[in-house]
1. Quick one: what are the phi-derived ³J(HN,Hα) couplings along region 92-101, Karplus 6.51/-1.76/1.60 with θ = phi - 60°, whole Hz, x for glycine and proline?
2. Taking the Cα centre of the chain as origin, work out the dipole magnitude from +1 charges on Lys and Arg Cβ and -1 charges on Asp and Glu Cβ, in debye rounded to 20.
3. Give me the net charge for the shell around V92: Cβ to Cβ below 14 angstrom, other residues only, Lys and Arg +1, Asp and Glu -1.
4. Over region 49-103, with a single point scatterer placed on each C-alpha, what log10 of the ratio I(q)/I(0) does the Debye formula yield at q = 0.16, 0.29 1/Å?
5. Could you tally the net charge around G82, taking each other residue with its Cβ under 14 Å from the Cβ of G82, Lys/Arg +1 and Asp/Glu -1?
6. Hull surface divided by four, with the convex hull built on the Cα atoms of region 35-76: how many nm²?
7. For Rg/Rh (Cα atoms, Kirkwood Rh), pick the label among (1) 1.04; (2) 1.65; (3) 1.10 that corresponds to the value derived from the coordinates.
8. Taking θ as phi - 60°, what are the ³J(HN,Hα) couplings along region 23-40 by the Karplus curve (6.51, -1.76, 1.60), each to the nearest whole Hz, with x for Gly and Pro?
Amino acid sequence: MRCYIRMPLSCAAGVILGASTIDLLSTLAVLRAGIGIEANPILAACLELGMPIFVAAKVLLTACPVLALELLRARSALAGWGLRFVAVAYPVIYLFGVLHVNS
């Protein structure tokens, strides 16, 4: 018996994952240049365990909730609203963080 999930990724999930990828890549660049720190205390602790652990934690802490909401989206309007809210909030918070650090 095969079980397929044929549900396209929502635009909101794509925005969240895209913003998270930009966040990860910019954080790695800043860390490697030695000009910044990880602001998230959970991820900062993971960073102390090494860069691969940090990257894995960053990806999992974003991808797992997004995937869960995507799977629930067909059954729950709240999951869809949650995805859309985070799709707007994440880039805004990221932008404010970057502007705050660079001001």
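1. These are the phi-based 3J(HN,Hα) values: 5, 5, 4, 4, 4, x, 5, 5, 5, 5 Hz.
2. It works out to roughly 460 debye.
3. Numbers: positive: R84; negative: D23.
That works out to 0.
4. Once normalised to I(0) and log-transformed, intensities are -0.66, -1.01.
5. Details: positive: R73, R75, R84; negative: E70.
Here the charged neighbours net out to +2.
6. Mean orientational projected area (region 35-76, Cα hull): 3.6 nm².
7. (1)
8. Here the 3J(HN,Hα) series is 4, 4, 5, 5, 5, 4, 5, 5, 5, 5, 6, x, 10, x, 10, 7, 7, 6 Hz.
Values quoted throughout were computed directly from the atomic coordinates according to the rules given, and no laboratory measurement underlies them. Please read these numbers as outputs of a predicted model, since none were measured by experiment. Cβ atoms come from the backbone with ideal geometry, glycine included; neighbour counts cover every protein chain shown.
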